Each structure stands twice: as C-alpha cells, then as structure tokens.
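Reading through the structure tokens given below for one structure.
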Amino acid sequence: MGLLQSASLSGQAGADGNHDGKLASAPPVAASQAATALAVPVVSLAASEEEAAAVLHQACLEHGFFYLCDHGIPEELIADTFKQQRAFFELCIEQKLAVAADSNYRGYTPMAEETLDPGRSRRGDTHEGLYFGREVAADSPEAQLPLHGPNQWPAEELLPGYRATTEAYQAAVAQLGFRLLRLLGIGLGLGADYFQPFFTHPMYFLRPLHYSAERSDEAAGLFAAGAHSDYGMLTLLCTDDVPGLQICTDGATWRPVPPLPGHLIVNLGDMLCRWTNGKYKSTVHRVINSGRERFSLPFFFEPNFDARVEALPQFLKAGQPPLFPPTTAGQHLLDKYHSTHAGYGQAAGTEAPAGEA
C-alpha cells in the first residue's frame, strides 16, 4: 500500500473539539451507531522521512490514529509471538498467577482486573493481560523508581522459548518507536532529534492481551476494553484478525478500525497531546467484542519517568495559557494506573490519589 493511500473504515471524520483543558472523553452510549466511510491514513516507512512525516503529521492532526506499513518486523516473529501468548493464556489460573503483577506492575493481570472506563462500566473489562517493561536489574539505581525493575517470566520448562520470543518482538517494536519519534519531530517542525532527550531511559511496556469471547453489552456496562485515551506518547498495536477496536474522533460517533494484514495500528497518547497543547489528538478508543476470542499486542512507548510534560512554547499563542497543567511522564502513568487497575494500589502498597479511587 502506497504512502498516500488511506484505509477506508466505517465512520465520518470530524474535529476533536477538545480544547477545555481536559483530555478527550467518550461519547454517550447512544452515539455508537454505524456511520459512513472514514479514511485513516497509512504511513509507509519505505518512504523518505520527509514524506512519511508529512502523512503522519496530517494523521495526528485529524485522527490521532494511523496504520503503519513497511515496518520491518518479520511476519514469522509476529506469528511466533502470538503463538507464545496464546500458550500462556491457555495455562491454568494458578500457573498464570505465579507471575502476578508485582509492585512495579510487571506480570499477569487477571480477567476483569482492569476497568478503563470506570464511569460507564459496571464490572471489569473482559480481558486478561501481561505487562513487560524495559528490563531493569533489581540492583540498579533505576529500579528504585516506580514501574521499574525486572520483568516476571513464566518458567522456561513451562513455556519453552516464551521469554526469548517475547523479548525479540519487544525489542523490534521499540526500535520502531524511536523511528516514529523522528517523524513526529520532523512533522512538528521541531527537528528529527527533538524528542530524543526525553527517551534516554524510556518507559515502554509490551502488554499482551487476551479478550474472552463474551459479547460486549453497552447498555449493561460490559466492555472488552472501555473507552479511554492512552496515557503515554505512542501506542503501536499488532492484533489478530478479529475486529473490535473502535475510535471516536468527533465526540459523537464510534467508528471501527479493522486489522489490516501486514500493518500495525498506531495512536497517540496523552503526553503528546499535552506537549503540543492539544494540536495533536489523543483519541478516545475502546474494544467491543462481538462474541469471538481476540488476542492483541499493544506496545506503549513512553518517555523517561522524570520527563517533564507541559505545553511547548511553540504551541502557545501570545498570552495563551496551557490547556493542561504540567506533569511528569511517571506521575501521569501512576495516576492512570491507580484509577483503572483494581490491583495496582495493593500491588504497589499505595493508596489511590484523591478523586481517583
């Protein structure tokens, strides 16, 4: 698929309209009906950086989502990674809980432990998952930071090759993250290396997910993954052939983003929205299950824990206050984990922040 081509989806593009100092919120349940065609841009990494950055820039302005092709991750590695994740999720619950998420939230999270849209969900989302971050030795000074430390892996004799395959995929998609940072900098007119100092010790997390076949029911408050925006910089998603992902770009209508063979789905997170003072979109999305089991591999590419995230001067007009208060990448992630993961406070030995229980 060529650089300037777009993928046709179900929906119609619209402006985000989110300029009130709050990140995008989900549309009302009644607004989730099917609509007409929407074109989501396709960014090809076979093009020059300047060409790819131009398409990516437009996608970030209009949708906050794009397809990524010619990404260079071998299909065999992707297939092997999915095979290994399916094998893990087929284990009995006792074997999975042997690597239950620890105080740094690395490890297994059980079915319905996460509730991404607490305001609308009546019980936890119908998925289970894992968190694998950048490997940090337990005796490293960096391990003193929240969300940093060694990963938890199933025993090699239980799942031969699981760790090696998962780490190989994680390393490959992390390299893609750094390539996309360059395109973002070029597209924003900041320069290809602008974001590199914020990613000298990045927080990145591969989160293999298994969605049960339970059918979603909006009226009953049951979702495979409730409506939310992603917390960090970029999310690079590889999914199986089962549809379910939906996005809302206009505050009114949900539109499906179907999987395309050979393509990743990339979306922007809250931190990039904050840095650009809302110029780039952190688009609300969800997963609605139509009754089929589903597997996916979201990879969350986040800045250094202590990276300061605030509106850059280039995106503020004279006398204009920032739309969002300043924060750090680490604090924003911690706040979000507290509000969406039932087990996080207990695992980390902390209480949820006021108003985010």
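The values are calculated or read from the model by the stated rules, or taken from the named source; none is laboratory data. In this text the structure is predicted, and so the values were computed from the model without any measurement. All Cβ positions, glycine included, derive from the backbone under ideal geometry; neighbour counts span all protein chains shown.
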Output for Cβ contacts, cut-off 6 Å, separation at least six or different chains, first residue at positive phi in region 249-260, second not small (Gly, Ala, Ser), reads 251/27
Taking region 253-263 and keeping residues surrounded by fewer than 24 Cβ atoms within 10 Å (Cβ to Cβ) and either of a type outside the set (S, T, N, Q) or at pLDDT 95 or above (or both) leaves 256, 258, 259, 260, 261, 262, 263
Restricted to region 275-293 and to residues being of a type in the set (Lys, Arg) and buried (at least 24 other Cβ atoms within 10 Å of the Cβ), the residue modelled with the highest pLDDT is 286
Here the residues within region 101-120 that are of a type in the set (Ser, Thr, Tyr) and surrounded by fewer than 21 Cβ atoms within 10 Å (Cβ to Cβ) are 103
Of the residues in region 123-140, those that are modelled with pLDDT of 95 or more and either aliphatic (A, V, I, L, M) or under 17 Å from residue 224 (Cβ atoms) (or both) come to 124, 125, 126, 127, 128, 129, 130, 136, 137, 138
Condition set of a type outside the set (A, V, I, L, M, F, W, C) and over 21 Å from the mean Cα position of the chain (by Cα), scope region 114-149, selection farthest from residue 98 (Cα to Cα): answer is 122
In region 275-296, anything of a type in the set (A, V, I, L, M, F, W, C) and closer than 24 Å to residue 331 by Cα is listed as 275, 284
Within region 213-245, the count of residues that are out of contact with any strand residue (DSSP E or B) (no Cβ under 7 Å at 6 or more places or on another chain) and either of a type in the set (Ser, Thr, Tyr) or under 30 Å from residue 307 (Cα atoms) (or both) comes to 1
Considering residues that are touching a Lys or Arg at 6+ places or on another chain (Cβ under 8 Å), among the aliphatic types (A, V, I, L, M) and within 23 Å of residue 334 (Cβ to Cβ), the number found within region 297-315 is 2
